[in-house]
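Please read the structure below before turning to the comments.
Laboratory data are not the source of any read-out in this text; all were calculated from the coordinates shown. Quick caveat, the model's predicted, so the values are computed rather than measured. All Cβ positions, even for glycine, are placed from backbone atoms using ideal geometry, and neighbour counts span all protein chains on display.
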Amino acid sequence: MKLALALFLLLTTIGCDRVTKHIATTQLRDQPSRSWLGGTVELEYAENRGAFLSMGSRLPEWASILVFRVGVGIALAALAFVALKYRWTGAALAGAVFIFAGGISNLFDRTLHGSVVDFMSIGIGPLRTGIFNVADAGILLGGVLIVIGTRSPDE
């Protein structure tokens, strides 16, 4: 049952990310941004060569490949190794799966296209997130779940 749930989370996270990036590319590219709920949710097409908030987007090509392809690949393999070695369950396992799925989907984009499609931001007034995608949301959620799931009962 644990394996089936992990596989379901993995495939749905990757699937949702792939579908939403395709929709963003076909519907938002070369279009003005769109907003809903008084600007709380904004959709805007962006290609990101860097990491979160475009950090590292100005790295030379060789460094970008080393950090965002090789480094991410190694980090994802290490995460999978740790989750399997310590037999994570519950929130920790779900968190590892979300991070792995988001990381793999973004790694796929970086390897094929050299960048990741980002398309949404949320906020109120001047307080806004950066532009992100479903994979990024999965990675963030995964981090929170790992922290929750690996806390000792005494904390």
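Between Gly125, Gly71, Gly39, which gets the highest mean-square fluctuation from a Gaussian network model of the chain, Cα cutoff 10 Å?
So, out of Gly125, Gly71, Gly39, the one fluctuating most is Gly125.
How large is log10 I(q)/I(0) at q = 0.13, 0.14 Å⁻¹ when the Debye formula is applied to the Cα atoms of the chain, each weighted equally and without solvent?
-0.66, -0.76
So what is the 222 nm mean residue ellipticity for the chain from helices alone, if each DSSP H run of at least 4 adds -39500 (n - 2.57) and you divide by all residues, rounding to the nearest 500 deg cm²/dmol?
-18500 deg cm²/dmol
About its Cα centre, how strong a charge dipole does the chain have in debye, to the nearest 20, once Lys and Arg get +1 and Asp and Glu get -1 at the Cβ?
Details: 13 positive and 11 negative charges, 65 e Å.
Charge dipole of the chain: 320 debye, to the nearest 20.
How high is the relative contact order of the chain? Use alpha-carbon pairs under 8 Å, at least six apart in sequence, and give a whole percent.
32
Just check segment 29-112 against the gyration tensor rule for me: Cα atoms, a ≥ b ≥ c as the square roots of the eigenvalues, rounded for a/c under 1.5, and otherwise prolate or oblate depending on whether a/b exceeds b/c.
oblate
Which one, Gly95, Ala135, Ala77, projects farthest toward the positive side of the charge dipole computed for the chain from Cβ point charges (K/R +1, D/E -1)?
Value computed over the given set: Ala77.
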